[in-house]
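The values are calculated or read from the model by the stated rules, or taken from the named source; none is laboratory data. It should be emphasised that the depicted structure is a prediction, and the values quoted were computed from it without experimental measurement. No Cβ is skipped: glycine too gets one built from the backbone with ideal geometry, and neighbour counts run over all protein chains shown.
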Amino acid sequence: MKQNKTSISSKCKRSRCPVACMLDILGDKWTLLVVRDMFFGKHTFKELQQSMEKIPSNILADRLKRLQKEKIIDRTLYQERPRRYAYNLTQKGLDLKPVMQSLIAWSNKYNPDTYDMSKVK
């Protein structure tokens, strides 16, 4: 479907501004934390749920579905009964690495009480 220059894509809800579009996908208080944890080696629902921020299970399930829909993560069945999935960053998700590194560096610089997380995988 061809879009004209003034229309807003389905992923950009508010405007065509790149920052607004990115926030429409990643801009709630949980989504980037899920991505962060995947960069630090967490891949199962249980591992992700055990993060220090204690994301509620219904919100985690929703964010995982949203990230999968946006092709930022994919999931792989690793156990049949009960069904359990592993979640991994796709190339699109891995391309968030410099963004995450920049956010971490900025926060470490201006929030002295934060953990030094400068070594994102």
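Summary table below
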quantity	calculated
Residues (within 13 Å of the chain's Cα centre (by Cα) and surrounded by fewer than 17 Cβ atoms within 10 Å (Cβ to Cβ)) located in segment 38-60	F40, I59
Unique residue being touching a strand residue (DSSP E or B) at 6+ places or on another chain (Cβ under 6 Å), among the aliphatic types (A, V, I, L, M) and over 16 Å from R84 (Cα atoms) when the list is M52, M22, M38	M38
Test: F39 is modelled with pLDDT of 90 or more, closer than 18 Å to M100 by Cα and of a type outside the set (D, E)	yes
Residues of segment 14-37 classified as assigned to a helix (DSSP H, G or I), free of Cβ contacts under 8 Å to residues at least 12 places away in the same chain and more than 13 Å from the chain's Cα centre (by Cα), total	3
Segment 95-121, residues that are among the hydrophobic types (A, V, I, L, M, F, W, C), surrounded by fewer than 15 Cβ atoms within 10 Å (Cβ to Cβ) and over 15 Å from M22 (Cβ atoms)	A105, W106
Filter result for the condition that a residue is of a type in the set (D, E) and surrounded by fewer than 15 Cβ atoms within 10 Å (Cβ to Cβ), over D28, D24	D28
Complete set of residues in segment 61-73 that are surrounded by 15 or more Cβ atoms within 10 Å (Cβ to Cβ) and farther than 20 Å from L23 by Cβ	none
Leading residue by the ranking (modelled with the lowest pLDDT) among those in segment 72-121 that are over 17 Å from F39 (Cβ atoms) and out of contact with any strand residue (DSSP E or B) (no Cβ under 9 Å at 6 or more places or on another chain)	P112
